[in-house]
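What follows is one structure encoded as structure tokens, with my remarks underneath.
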Amino acid sequence: MIKKFAWGAFAAAVAFSFVTPQTASAQSAQDLINDGSDPTSILTYGMGYGQTRHSAMNAINLDNVSRLRPEWTYSLADSRGQETFPMIHDGKMYVTTHAATMALDLATGMQVWKTIVEYPAETPRVACCGIVNRGVALYEGKVFRTTLDAHVVALDAATGAEVWRTKSIDFKDGYSMTVAPLIADGVLITGISGGEYGIRGYIEGYDPNTGERLWRTYTIPAPGEPGSETWKDGGDAWKRGGGPAWLTGSYDAELNTVYWGTGNPSSWNAGLRPGDNLYASSILALDPKTGAMKWHYQTTPNDPFDYDTTNELVHAEIDGRKVIMQANRNGFFYILDRETGELVAAPKFIDKVNWADSIDLTTGRPVETEVATKARAGEEVNYWPSALGGKNWSPMAYNPNTNTVFANTNVIGMNYKAVEPQYRPGVFYFGAEFSWDWPEGDRGELRAFDPVTGELKWKDGVAIPRYSGVLSTDGGLVFTGNMTGDFEAFNAETGEKVWSYNTGSGIVGQPVTWERDGKQYVTIANGVGAVYTLFSGDERLASVPTGGNIWTFSVVE
């Protein structure tokens with residue numbers, strides 16, 4: 001159930017609001033395609049369909065970043081980890097928590113409206129890695145989001161009133177939704193979470209006007225469907241084969257193709273599901289109108305290591321070729337032809353990878369080491385990177401002018417042994433025993449590198465890994481946040497930290513930049529939590545307060 005937050009006795013008539021709502025102008029398909037050309041709005045997840053998270057704005061730059069100060073802050077009234085991606089349109093900013101959707105006035109940060117999400121009390125048990133929500137989609141005067149209990153919802157952008165609400169699936173079987181939706185060719189597209197619960201993953205499209213489901217593309221094929229031959233001798237393993245799709249895809253309007261990554265196969269015990277296990281741990285190219293698959297590329301066949309391929313798929317042009325790029329959890333940086341799926345390059349982007357030596361550019365397959373062989377045979381192994389990945393979910397930024405990727409990476413290994421799993425609906429379905437292999441010193445690095453060669457340009461190590469997104473700008477700056485609460489800016493060329501501000505709680509959110517009345521702003525959500533906090537046992541986080549806020553900064557003249 002979703003309801004408007006309202007003054008008690010006036011709940012039937014008066015929405016809880018500090019400023020008068022404005023009439024939201026419609027966002028057309030062309031507006032979404034052009035997102036990034038107008039600095040006064042952010043209409044798509046990732047600051048453009050290509051998800052580069054790079055801005056041409058330079059009013060905030062190396063010369064004045066030392067004068068960056070808070071302009072306003074807004075309390076999210078929520079103690080969970082905050083990963084929301086702020087959207088901006090028509091004088092309002094739209095943000096989410098797992099429990100609410102908010103519209104804020106850009107000038108003041110005051111609340112325009114707030115719509116509460118209510119779901120059954122037992123729902124959080126199916127959120128494996130943090131009770132979060134990553135944001136909304138905007139289209140034709142509506143705000144779209146997903147909910148933890150696997151519903152897709154449309155709200156009126158001006159008032160927050162619910163327009164429609166559609167149930168995707170029963171959450172009690174381990175399914176959930178945390179993804180920010182994507183509008184592509186007039187279709188609202190979402191993906192499902194739940195890879196550690198023995199689900200059968202899927203991506204689906206909805207009519208944004210009515211909420212009618214238009215298509216569903218399963219990421220794990222049923223017997224007889226293309227790809228089902230890669231689940232050899234697995235019996236009915238495909239029914240709980242994993243392959244979630246919990247991070248937002250990207251879209252090429254010229255090719256009319258959506259690119260979406262899928263998560264690990266289930267369970268982690270790869271010996272029980274021989275074969276490549278398509279289309280888990282894969283990049284899929286889909287027709288947005290029908291969900292039909294145009295091509296696929298699998299990064300980690302028969303994945304035993306939880307190497308999700310859900311990370312953002314960033315668009316670029318390399319030597320005149322249209323490509324997508326992904327910093328995969330398995331430690332390799334994949335560059336694929338956007339039209340054909342052909343592998344262009346796959347260098348390592350972190351220092352220690354021991355499960356494979358390289359990626360064969362002819363076959364596209366990893367050249368595995370005995371670590372992978374032993375893991376599948378049920379022997380105990382130590383593998384790098386860990387299940388947290390060379391890079392976890394936190395989105396990277398790409399500056400096309402300097403051909404530089406900026407990404408928050410992990411320096412963490414794992415001890416692992418496959419065991420016999422027991423499947424029960426809605427209960428963890430790991431099929432492995434594991435523990436962390438912590439290094440001495442830094443557990444994370446913000447790295448700047450060449451995407452084609454993987455050559456490191458600079459890095460900034462940190463004791464507790466950063467799980468915030470990254471933003472780069474033509475002001476020569478790279479913005480990100482850390483787990484102890486510092487919002488940070490770095491010199492994009494040298495890696496020197498040039499500014500920081502402690503926001504009072506750890507940052508796992510996604511920074512954005514925007515303009516109002518000719519002035520540039522930077523916004524980030526703080527609020528510690530999510531996967532590292534839940535699973536690492538890092539005692540240093542015990543002293544970091546919870547509590548989320550939206551922070552907006554500008555330069556003091």
What's the total number of residues in the stretch 254-296 that are in a loop (DSSP other than H, G, I, E, B), closer than 17 Å to residue 241 by Cα and not charged (D, E, K, R)? 14
Kindly list the number of the only condition in (1) touching a Ser or Thr at 6+ places or on another chain (Cβ under 7 Å); (2) free of Cβ contacts under 8 Å to residues at least 60 places away in the same chain; (3) crowded, with 19+ Cβ neighbours inside 10 Å that fails for residue 469. (2)
Restricting to the stretch 197-229, give me the number of residues that are surrounded by 24 or more Cβ atoms within 10 Å (Cβ to Cβ) and outside any strand (DSSP E or B). 6
Looking at the stretch 29-50, can you tell me whether even one residue there is surrounded by 19 or more Cβ atoms within 10 Å (Cβ to Cβ), in contact with a helix residue (DSSP H, G or I) (Cβ under 6 Å, 6 or more places away or on another chain) and modelled with pLDDT of 50 or more? yes
Examine the stretch 118-137 for a residue that is basic (Lys, Arg), more than 22 Å from residue 151 (Cβ to Cβ), surrounded by 21 or more Cβ atoms within 10 Å (Cβ to Cβ) and out of contact with any Gly (no Cβ under 9 Å at 6 or more places or on another chain), and state whether such a residue exists. no
Hey, can you tell me all the residues within the stretch 205-232 that are touching a Gly at 6+ places or on another chain (Cβ under 8 Å), farther than 26 Å from residue 181 by Cα and of a type outside the set (Phe, Trp, Tyr)? 229, 230, 232
All positions within the stretch 239-254 that are crowded, with 24+ Cβ neighbours inside 10 Å and free of Cβ contacts under 8 Å to residues at least 60 places away in the same chain: 241, 242, 243
Residue list for the stretch 533-557, filter: farther than 24 Å from residue 499 by Cβ, assigned to a helix (DSSP H, G or I) and not acidic (Asp, Glu): 533, 534, 535, 542
Filter pass, residue 447 being among the charged types (D, E, K, R), surrounded by 15 or more Cβ atoms within 10 Å (Cβ to Cβ) and part of a loop (DSSP other than H, G, I, E, B): no
Which of the residues belonging to the stretch 336-353 are surrounded by fewer than 21 Cβ atoms within 10 Å (Cβ to Cβ), of a type outside the set (Asp, Glu) and not in a loop (DSSP other than H, G, I, E, B)? 343, 344, 345, 348
List the strands (runs of 3 or more DSSP E) inside the stretch 354-409, counting only whole elements, that have at least 3 residues being crowded, with 17+ Cβ neighbours inside 10 Å. 397-399
Expected output for the stretch 371-392 (first residue closer than 21 Å to residue 466 by Cα and at pLDDT below 95, partner of a type in the set (A, V, I, L, M, F, W, C) and in a loop (DSSP other than H, G, I, E, B), Cβ below 7 Å, 6+ apart or cross-chain) is none
Are there strands (runs of 3 or more DSSP E) fully within the stretch 127-192 with at least 3 residues that are over 18 Å from residue 311 (Cβ atoms)? List them. 137-139, 142-146, 151-156, 162-167
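The values are calculated or read from the model by the stated rules, or taken from the named source; none is laboratory data. Quick caveat, the model's predicted, so the values are computed rather than measured. With ideal geometry, Cβ positions are generated from the backbone for all residues, glycine too; neighbour counts draw on all protein chains shown.
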